[in-house]
Amino acid sequence: MPVSPILDRQTTYPFVRLAEAAARVRARGIEVIDFGTGDPREPTDPRIRQALVEGLRDRIGYPAAVGLPELRDAIAAWAGRRFGTSLDPDTEIIPTLGSKEAIFAFALVVVDADGARDTVAYTDPGYPVYERGALFAHARPLAVPLQESNGFLPDLEAIDEETWSRLAVFWVNYPNNPTAATAPLSFYEQLAALAREHGFVVASDEAYTELWFEEPPASALQLADRTNVVAFNTLSKRSSMTGYRSGFAAGDPTLIQALKAFRPTVGTAPQEFVQRASVVAWGDEEHVEETRARYGRKRARLLDLFERKGIRVPGREATMYLWAAVPDGASSEAFAEHLLEHGVLITPGSYLGAAGEGYVRVALVPSEEECARAVQILDRVL
Ligand SMILES: Cc1ncc(COP(=O)(O)O)c(C=O)c1O
């Protein structure tokens, strides 16, 4: 049977490997507290669920790729309140089915694999979908390392002229998965200026902008000039709605127009009842504040433990993750395996990219009670 050689060459998706490792430990009768995948386990706000139910009608047709005007209005209003930015709902916003599919497919919209724009840059360690999307679009993938010494921002000075000129898109993701770092607006300004100078697109994956602890992080949508810039956001983490699949892309109207041309072919607009629930979700901040507070309590508990154990946590500014340095020069995989033997599942940094070696990612998704139990276990074994 023919199978795409690109698919054949892919290694197992890192979280499938993690789930397999956890299943092996569970099979031995050990309870596993899962700090692995960043899938929030909090209940979705009842008002959002109610809107979904009310959105069901006798017949629901195909959703249009441009989405409901009410949803685009709600997104524009939210971005205005949150980032003080003005977005035209008709020309600068398009809803997406969560953000993963849109991120994966974006290379198909901008890459010219046989021409001059054949390269997709993304940061390492990072969300694996930027690279996979690039490979399936026959683009040249370019991993740009995130170093602790540079605040987990990519070193833009290290990129040469030839690479800039071949770049179709540069993916950035702040607040960052997995390093929990944030980027100042000046970083977006610098990258957007380079994008205009060299003719590539800045794609800013902003899935975690709402999970912060001290100061709300910046967005590429705050740029005074958004030429060549597009941001992707989602309700998955903000509103604990991973299963609903609802997000958006916003930015340069030329890019949004390209997405409007591309997306009807793929058929990836959220179902109408999901869009109706999303209008309620973008319109409410109360549930988001509660979510932040809950992550904040879990974070404080884990940070306290790591501090007592002398484990450095250089990544802790925002997101639902802590990015901790592996003690005693052990490999990140060996350290994670050691903890898994005691029933605590975390992600080895190396699973998230070569530059992730030396760190582990702790996703603060178990319940507060499970976090307390995990702290007791870690207190014993670390
Ligand atoms: C960095 C990053 N971007 C995007 C996503 C995609 O989220 P969704 O497709 O649920 O919107 C995730 C999910 O874990 C993520 O970690």
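The values are calculated or read from the model by the stated rules, or taken from the named source; none is laboratory data. Note that this is a predicted model, so its numbers are computed, not measured. Note that we place each Cβ from the backbone using ideal geometry, even for glycine, and neighbour counts take in every protein chain shown. Areas reflect the complete protein model, heavy atoms only, side chains present, ligands, DNA and RNA absent. Shrake-Rupley method; radii C 1.70, N 1.55, O 1.52, S 1.80 Å.
Couple of notes before you dig in:
- From helices alone, the chain scores -12500 deg cm²/dmol at 222 nm; the rule is -39500 (n - 2.57) for each run of n ≥ 4 DSSP H residues, then divide by the residue total.
- For the stretch 210-352, the carbon plus sulfur part of the accessible surface works out to 48%, probe radius 1.4 Å.
- Convex hull of Cα atoms in the stretch 342-382, direction-averaged projection (nm²): 3.2 nm²
- Take every Cα pair under 8 Å whose residues are at least 6 apart in sequence, average their separation, divide by the length of the stretch 24-173, and the relative contact order is 17 percent.
- Cα gyration tensor of the stretch 147-287 - equivalent ellipsoid semi-axes, whole Å, descending: 27, 21, 12
- Proximity of backbone amide H atoms, modeled 1.01 Å from N, is registered between residue 173 and 205 at under 5 Å, excluding neighbours fewer than 5 places apart on the same chain.
- Length-normalised contact order for the chain - Cα pairs under 8 Å, 6+ apart - percent: 24 percent
- Overall form of the stretch 108-230 per C-alpha gyration tensor (a/c, 1.5; a/b vs b/c): prolate
- Taking packing as the residue-averaged number of other Cβ atoms within 10 angstrom, the listed peptides 52-63, 344-355 run from highest to lowest as 344-355, 52-63.
- Whole-Hz ³J(HN,Hα) from phi, Karplus 6.51 cos²θ - 1.76 cosθ + 1.60, for the stretch 168-175, glycine and proline x: 8, 8, 10, 7, 10, 9, 9, x
- Evaluating 6.51 cos²θ - 1.76 cosθ + 1.60 at θ = phi - 60° for every residue in the stretch 317-329, the Karplus couplings come out as 6, 7, 6, 9, 10, 10, 10, 9, 7, 5, x, 6, x Hz, glycine and proline recorded as x.
- The stretch 1-85: C-alpha gyration tensor shape, a/c 1.5 cut-off, then a/b vs b/c: prolate
- Most fluctuating residue given options 145, 46, 95, as computed from a GNM of the chain linking Cα atoms under 10 Å: 46
- When restricted to Cα atoms, the chain yields an Rg and a Dmax of 20.6, 62 Å, respectively.
- Separation between Cα centres of the stretch 58-85 and the stretch 328-382, rounded to whole Å: 38 Å
- Taking the DSSP bridge list for the chain and keeping only pairs wholly inside it, about 50 percent are antiparallel.
- Qualifying lysines (Cα of each under 18 Å from Cα of residue 260; at least 8 residues distant if same chain): 100
- Heavy atoms of residue 254: accessible area, 1.4 Å probe, square angstrom to 10: 100 Å²
- With contacts taken as Cα pairs under 8 Å and at least 6 residues apart, the stretch 257-347 reaches a relative contact order of 12 percent.
- Partners for residue 298 among aspartates and glutamates (Cα-Cα distance below 16 Å; same-chain residues under 8 apart left out): 34, 39, 42, 214, 289, 290, 307, 317, 368, 369, 370, 379
- Seen from residue 301, the other residues with C-beta closer than 12 Å to its C-beta sum to a net charge of 0, counting Lys and Arg as +1 and Asp and Glu as -1.
- Å² per residue, accessible surface of the stretch 206-256 at 1.4 Å: 28 Å²
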